[in-house]
Amino acid sequence: MPDSSLLIVVVLLATTVVLVGLLKWLRLPAIFAYLLTGVLLGPHALAVVPDLERTRQLAEFGVVFLMFSIGLEFSPAQFITMRRLVFGMGSLQVLASLAAFLGMAAVLGLGWRSGVVVGGILAMSSTAMVARVLAEKMESASRHGRIAISILLFQDLAVVPLLVLIPALAGDRAALPAALAFAGVKAAVVLLILLVLGRPVIRPWFQLVAQRKSSELFTLNVLFVTLGLAWITEAAGLSLALGAFVAGMLIAETAYRYQVEADIAAFRDILLGLFFITIGMLVDLRLILADLAWILALLAAILIIKGAVVWGSCRLFGFEQGVALRTALVLAQAGEFGFVLLSLANQFHLLPAPVLQPLLGAMLMSLMLAPILLEHNGWIARQLVGSYRRSRERALREIRGIQLKEHVILCGYGRVGQSIGRVLEEEGIPYLALDLDPARVRQAQSAGESIFFGDASRRDVLLASGLADARALVVTFGDVTISRRVLAVAAQLQPQLPILARAHDDSQIAILEAAGADEVVPEVTEGALMLASQTLLQLGFPMSQVLRRVRRFRQERYHVFRASFWGGSEPGEDRDSPRLLSVALGDTGWAIGKTLAELDLPALGVQVTALRRRGIRGRDPANSMRLRAGDVLVIFGDPKSLQAVEQFLLEGPDAGAFATPNKD
């Protein structure tokens, strides 16, 4: 007879796969699918999955790896740069939200312990959802985006003391102050020991493991370190998640951070999904439907109180109303760490059942509303705050007022964008830069540079910047997701415009080219090339030989160097070096009606790099492409072969260099 446990796992996986696929198709977060799976299969509905303690223990590992990921993102340098927003506004939001919800709990007649727990739970917002949507909408660098990320960073840190506080609240009331003090000291001592002893050990240990060059061994080592430190903190009377957070911080300071993050992604996502399934199993639909009025009231309270606290914090720190409202809309929902704290509070029986179900239902509903608020936060702010709407319209008018022609559009004006701008300026080429960092825009504008505040992924902004009259568009963002959004919009609006993009390394070239870039420059490769050039010069190689090697490398790697059109003369270049040539077939060209395979131009010493038809250019056309009247072929080869093939395409094999010799 088949094992019933295996059948439960199969049903669980099947339901999750179907629901995740369905909600992804509806463009909703996967977290809803996990929660809905738990609701449907849990003990309060179909009861397919029993509410077993071992299931909860397995799901706890999802929280462990989530906290590990947060630890990996913990950068002391980042916190120093954003310390005013992180520790100032972040602490104000968490403490004010906790106090507001504690007061609400007191009004409803709950004990102060339950009030503190409810306040801590509802002070959290969804880091995963907010960070992802802000990145997709290119709002991470905007003012409201930076504020939201800063507050979320502090919330993630605030989870650590809350994980210590909740178990202490479950102890004896008389001994609570001593228990809290002891728990705080114990946590500080354990963290100090792990950090002090772990720092000098973790780097050489990971280096030793990496030298074995085994991906399985590396992954096993990550699991060993993470779960080992989690076990140490649990044995000390703290939480598993706290040890995982420390493990993440230690590994974040090594060179293996990104590899570790990639290796644990699958474990984290699957186990975190299981955790949310167990949260869904807590939902009793009958109780929620019976208390629907209370749940809707609590939902309204969550959105209003959190929104008001965030809005007030922003205004107190000097941000205008529009930015404050957008930040409030972004952070108004409950978060995944709220569910972590809710599960922990439920284990210690700190929340009575009449409170648990309405709270759980309101948190779930806030998450369901979150994608709408996140997606349309700008539109809502423009409708409610007239000054904010007018400022955006004024920014578009400023961009349109420039009225440049034959210019270059720079998307992003960080260090890379500014360097490109200086080169263009020295060559007398006009440019217009778009950036979402208001401080950078303000400083650069005051210096007289052609930069404007604008989202380069928006159609109206690109059109206002003169995309139709531009000579080229350069995407300088370091984030490939943001670059893909800009490329997709620009390529759709102006497919004939040359578009260049920056990449971190070779792995991103194909992604950005598929999104619409004509040329992609990987900064790691260029940095290596410059280092190699300087090395050769230091070793005594002549400058001319080094320059030839650099030029040869770039000709092999980049279309823009490998395939250049020449005029009447090219000073300093070999007259026989390869180049590009455009051949217009017109209405009478011999090659009309033939496929590229039939012509077999590579056998004649040239390569077809592009085909232009009715004003639309296609790179690297397929061999099955049949030529038509009016087509323009772009071919690459040495001058002698280009001249002969041009005559061949226009007049046929009996003309010029390919004519059959007369045997008479």
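The values are calculated or read from the model by the stated rules, or taken from the named source; none is laboratory data. From a predicted model like this one, the values you see are computed outputs, not experimental measurements. Every residue, glycine as well, gets a Cβ built from its backbone with ideal geometry; the counts of neighbours run over all protein chains shown.
Contact map, region 279-308: residues that are closer than 14 Å to residue 44 by Cα paired with residues that are β-branched (Val, Ile, Thr), Cβ distance under 7 Å, separation 6+ or inter-chain. Pairs shown: 280/37; 280/39; 281/49; 283/39; 285/39; 288/295.
Residues in region 303-349 that are in contact with a Lys or Arg (Cβ under 6 Å, 6 or more places away or on another chain) and under 25 Å from residue 31 (Cα atoms): 332 only. For region 295-316, does any single residue satisfy the condition of being assigned to a helix (DSSP H, G or I), of a type in the set (Ser, Thr, Tyr) and surrounded by fewer than 23 Cβ atoms within 10 Å (Cβ to Cβ)? The answer is no, given that none of the residues of region 295-316 is assigned to a helix (DSSP H, G or I), of a type in the set (Ser, Thr, Tyr) and surrounded by fewer than 23 Cβ atoms within 10 Å (Cβ to Cβ).
Would you confirm whether any residue within region 280-289 is in contact with a Phe, Trp or Tyr (Cβ under 6 Å, 6 or more places away or on another chain) and hydrophobic (A, V, I, L, M, F, W, C)? No, region 280-289 contains no residue that is in contact with a Phe, Trp or Tyr (Cβ under 6 Å, 6 or more places away or on another chain) and hydrophobic (A, V, I, L, M, F, W, C). Only residues that are buried (at least 23 other Cβ atoms within 10 Å of the Cβ) and within 20 Å of residue 291 (Cα to Cα) were counted in region 340-356, giving 1. Scanning region 426-469 for residues that are in a loop (DSSP other than H, G, I, E, B) and either over 26 Å from the mean Cα position of the chain (by Cα) or assigned by TED's automatic domain parsing to the domain that holds residue 143 (or both) turns up 427, 428, 429, 430, 447, 448, 449, 450, 466.
Scanning region 29-36 finds no residues that are in a helix (DSSP H, G or I), at pLDDT 70 or above, hydroxyl-bearing (Ser, Thr, Tyr) and over 30 Å from residue 222 (Cβ atoms). Quick one: is residue 113 among the charged types (D, E, K, R), assigned by TED's automatic domain parsing to the domain that holds residue 240 and either modelled with pLDDT of 85 or more or in contact with a strand residue (DSSP E or B) (Cβ under 8 Å, 6 or more places away or on another chain) (or both)? Against the criterion (among the charged types (D, E, K, R), assigned by TED's automatic domain parsing to the domain that holds residue 240 and either modelled with pLDDT of 85 or more or in contact with a strand residue (DSSP E or B) (Cβ under 8 Å, 6 or more places away or on another chain) (or both)), residue 113 qualifies.
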